[in-house]
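Notes follow the structure.
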Amino acid sequence: MRPEPKSLKEAGEIYMRTYWPSLFTSGFEFTSTETPLYNCAAWANKIDTSRVDYSQDEEGNPQVDDYFYSLEPYIKYFEEHGFEICEDGNLEQGFEKIAIYKRGNDFKHASRQLLNGKWTSKMGDFEDIVHDRPEDVEGYLYRQMTSGKVAFYMKRKKL
């Protein structure tokens, strides 16, 4: 059995083409080194110093209640930070947007729109990337790297 890669760069192009083929159709670029310090939900809210993860308790153990894996606590988190559900991910003057991803009713990923209309994602504990469309990181099912499908968008007035 092969060990898990420590970064997407280490995983290599074949690995990434297997799990996120759309990234190679539209293009992407790495914008950070790998780090477990923050995750996609934090990154979507412009935080790179801590994680937003309801699937674990304060000691880091998995939650037993399915609620903590669902979209609901993440929607509440983003609403508490000024976001509201919106119609689409089109660039809108005066607003910042995020895409929320799900599989079933489970939260799987969040990405943030940049000022130029492109999107940024924190890929698990791996690197941050910039990609063209939110759909580019809709991933295949593979351990922790399951990013699900875009469920909806949220927006807030630019900070």
Computed lengthening from residue 9 to residue 37, 0.36 nm per intervening residue step minus Cα-Cα distance: 8.3 nm
Efficiency of FRET from Cβ geometry, residue 115 and residue 49, R₀ 25 Å, rounded to 0.05: 0.70
Interatomic Cα distance distribution for the stretch 80-159, bins of 10 angstrom, percent: 20, 52, 26, 3
Using a Förster distance of 30 Å, the FRET efficiency for residue 17-residue 106 (Cβ separation, nearest 0.05): 0.75
Set of the stretch 30-52 residues, backbone N closer than 14 Å to the point 7 Å along the Cα-Cβ line of residue 67: none
Distant-in-sequence amide H partners of residue 107 (H built 1.01 Å from N, under 5 Å): 70, 71
Approximate spin-label separation residue 91-residue 132, in nm, with each point projected 7 Å along Cα-to-Cβ: 1.4 nm
Per-selection metrics, the chain (Cα): Rg and Dmax in Å: 15.1, 49
Candidate aspartates and glutamates for bridging to residue 149, where Cα separation is under 18 Å - those fewer than 8 sequence places away on the same chain excluded: 72, 87, 88, 106, 132, 135, 136, 138
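Read-outs throughout are calculated quantities, based only on the coordinates presented, and are distinct from any laboratory measurement. What you are looking at is a predicted structure, and each value in this text was computed from that prediction instead of being measured. All Cβ positions, even for glycine, are placed from backbone atoms using ideal geometry, and neighbour counts span all protein chains on display.
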